[in-house]
Amino acid sequence: MQRIFWLKFSIFNFLIVAFLGVVMRYKILYSLPFVDQKHLQDAHSHFAFYGWITHVLYVLIVNYLSKMNTAIDLKKYDYLIMANLIASFSMLGLFIYGGYFWGSIVASAAALLTSFVFCFFFFRDARKFQEMSKIWFLGGLFFAVISSVGVFGLSYMMSSGNISQNLYLASEYYYLHFQYNGFFIFSCIGLLLFSIREAGAQMTEKQNKWLFWLMFFGCLIGFGLSVLWMKLPMYLFAIIVLATLSQTVGAVLLFRFVKRNWTNLVLKWSPMQRFVLIFTGFAFAVKIALQLGSNIPVISQFAFGFRNVVIAYLHLVLLMCIATFLLNQVLATNYFMVPNKLLTGLKLFLLGIFLNEAILGIMGIFSIKYIAVPFANELLLLFSAVIFTGLLVIFINLKKRGLPANL
């Protein structure tokens, strides 16, 4: 029962993230004097990371543990999930109130400390069983821990007022890289491989390790792509290119594995589940292609030189790929009924995300010639409202199935 509650609560948190997105888009066009846009952006990003994505990953990872070894005591994870939620909602209110100050920094530190403890317990409990996806969750949690270096750097600079522009950007990109490409992506791959295994297909241990280490090396060194503007030595640039190629090869291997086992998914998964996998797979493929292309200096300068391009890329990875995949994972647990009204909400959500990403992409391309897209902000407000509406319909119609009480 507890896991079902936490999963539904994660959708509620996603709804809050979507609502904040609507408010931010509204404020760009119309007056909303009692809301500070920068504070709202900070609240939106922190709550999206911890209140929505980290929360749902914690719950899905605990759900995975429950299937691997019923002897593992899961109660401690419930306390950690609650601690993360308390920290997340504290950040939400405190960032809206005052942006970066001692209160919001303390709440951020509490969320980080919770992630350290969660990581420690998972590493300890994971020794009690052997399963292919385990290494992906271990890798993801490792990246979650090391990403904290960037947060501590940002917090120190913001609280002290001693800000170096290069260090500020490097710390921000460091944190984002190891959260997006590390914790989030690795955990999602772990969930995907486990879902495919439940559908009757599985990688060999050798294939799984090859895929993992290709992606791991690519992620660990791939942070360099985010700081190419620092004019790195040629030998470091060569290592970064190799890391990017490593992750590209890993992505191709993953796509080939899914393609080879598509028949199993057709038999076991609903048409909507398969469509969402194609939807998120397309976003992931575009991400890998853009990542590979950013090794070219001209493209890299373009990517980091235009705000619209950065926003489009971040939304592509976080919203179209990771968040959509995790929403699908919640629905695929079979803990909830999936009536037609919920499917309608999911279709609205996917439509809103696609249109939102399309207009952001067009704005990014037009930025090259400094051309403004007509009514772009009005369209973005409309599409963010569509995303929110779709999530609201999903949340309202999310009803649990009749399941054993221990869930």
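The values are calculated or read from the model by the stated rules, or taken from the named source; none is laboratory data. A quick note: this is a predicted structure, and the numbers were derived from the prediction, not measured. Because the Cβ atoms are built from the backbone with ideal geometry, glycine has one as well, and the counts that use them run over all protein chains shown.
Does the range 222-242 include one or more residues that are touching a helix residue (DSSP H, G or I) at 6+ places or on another chain (Cβ under 8 Å) and at pLDDT 90 or above? Among the residues of the range 222-242, at least one is touching a helix residue (DSSP H, G or I) at 6+ places or on another chain (Cβ under 8 Å) and at pLDDT 90 or above, which makes the answer yes.
Conditions tested, residue by residue: (1) buried (at least 23 other Cβ atoms within 10 Å of the Cβ); (2) hydroxyl-bearing (Ser, Thr, Tyr).
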| residue | (1), (2) |
| --- | --- |
| Val35 | no, no |
| Leu40 | no, no |
| Leu57 | yes, no |
| Ser66 | no, yes |
| Leu80 | no, no |
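Checking each residue in the range 266-284 for being surrounded by 17 or more Cβ atoms within 10 Å (Cβ to Cβ) and outside any helix (DSSP H, G or I) picks out only Trp269. For the range 371-398, the set of residues classified as within 13 Å of Leu360 (Cβ to Cβ) and in a loop (DSSP other than H, G, I, E, B) consists of Val373 only.
Scanning the range 110-131 turns up no residue that is touching a residue at least 40 places away in the same chain (Cβ under 8 Å) and closer than 24 Å to Thr244 by Cα.
Just to be sure before I move on: is Phe366 under 27 Å from Phe9 (Cβ atoms) and aromatic (Phe, Trp, Tyr) in the structure I sent? So that I can check it myself, show each step before the final result.
On the way: under 27 Å from Phe9 (Cβ atoms): no; aromatic (Phe, Trp, Tyr): yes.
So Phe366 fails the test.
Look at Asn166 and say whether it is modelled with pLDDT of 75 or more and either in a helix (DSSP H, G or I) or within 17 Å of the chain's Cα centre (by Cα) (or both). When the stated conditions are applied, Asn166 does not pass them. With respect to Phe336, is the statement that it is of a type outside the set (A, V, I, L, M) and modelled with pLDDT of 95 or more true? No. Every condition in (1) under 22 Å from the mean Cα position of the chain (by Cα); (2) surrounded by fewer than 20 Cβ atoms within 10 Å (Cβ to Cβ); (3) among the aliphatic types (A, V, I, L, M) holds for Met91 except the one numbered (2).
Can you find even one residue in the range 309-331 that is in contact with a Gly (Cβ under 7 Å, 6 or more places away or on another chain) and either modelled with pLDDT under 95 or farther than 27 Å from Ala199 by Cα (or both)? Spell out how you get there, then give the answer.
Residues of the range 309-331 that are in contact with a Gly (Cβ under 7 Å, 6 or more places away or on another chain), as a first pass: 309, 312.
Subset that is either modelled with pLDDT under 95 or farther than 27 Å from Ala199 by Cα (or both): 309, 312.
Yes, some residue in the range 309-331 is in contact with a Gly (Cβ under 7 Å, 6 or more places away or on another chain) and either modelled with pLDDT under 95 or farther than 27 Å from Ala199 by Cα (or both).
Tallying residues that are buried (at least 19 other Cβ atoms within 10 Å of the Cβ) and closer than 15 Å to Leu176 by Cβ within the range 42-55 yields 8. Listed by first and then second residue, the pairs linking a residue in the range 23-47 that is of a type in the set (Ser, Thr, Tyr) to a residue that is assigned to a loop (DSSP other than H, G, I, E, B), with Cβ atoms under 6 Å apart and 6 or more places separating them unless they lie on different chains, form an empty list.
Within the range 179-190, the set of residues being among the aromatic types (Phe, Trp, Tyr) and under 12 Å from Phe216 (Cβ atoms) comprises just one member, Phe186. Check the range 230-243 and report whether any residue there is in a helix (DSSP H, G or I) and charged (D, E, K, R). No, because not a single residue in the range 230-243 is in a helix (DSSP H, G or I) and charged (D, E, K, R).
Going residue by residue through the range 11-32, is there one that turns out to be farther than 16 Å from Leu391 by Cβ, modelled with pLDDT under 95 and among the β-branched types (Val, Ile, Thr)? Among the residues of the range 11-32, at least one is farther than 16 Å from Leu391 by Cβ, modelled with pLDDT under 95 and among the β-branched types (Val, Ile, Thr), which makes the answer yes. Within the range 46-58, being under 11 Å from the mean Cα position of the chain (by Cα) and farther than 24 Å from Lys134 by Cα holds for one residue alone: Ala48.
Residue-wise test of (1) in a helix (DSSP H, G or I); (2) crowded, with 21+ Cβ neighbours inside 10 Å.
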| residue | (1), (2) |
| --- | --- |
| Met132 | no, no |
| Val145 | yes, no |
| Tyr173 | yes, no |
| Asn181 | yes, yes |
| Leu193 | yes, yes |
| Ala201 | no, no |
| Phe217 | yes, no |
| Leu220 | yes, no |
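Listed residues Tyr77, Tyr58, Tyr50, Tyr64; which is among the hydroxyl-bearing types (Ser, Thr, Tyr), under 28 Å from Ile189 (Cβ atoms), touching a Lys or Arg at 6+ places or on another chain (Cβ under 9 Å) and modelled with pLDDT of 90 or more? Please lay out each step first, then the result.
Working: Tyr77 fails: touching a Lys or Arg at 6+ places or on another chain (Cβ under 9 Å); Tyr58 fails: touching a Lys or Arg at 6+ places or on another chain (Cβ under 9 Å); Tyr50 fails: touching a Lys or Arg at 6+ places or on another chain (Cβ under 9 Å).
When all the criteria are applied, what remains is Tyr64.
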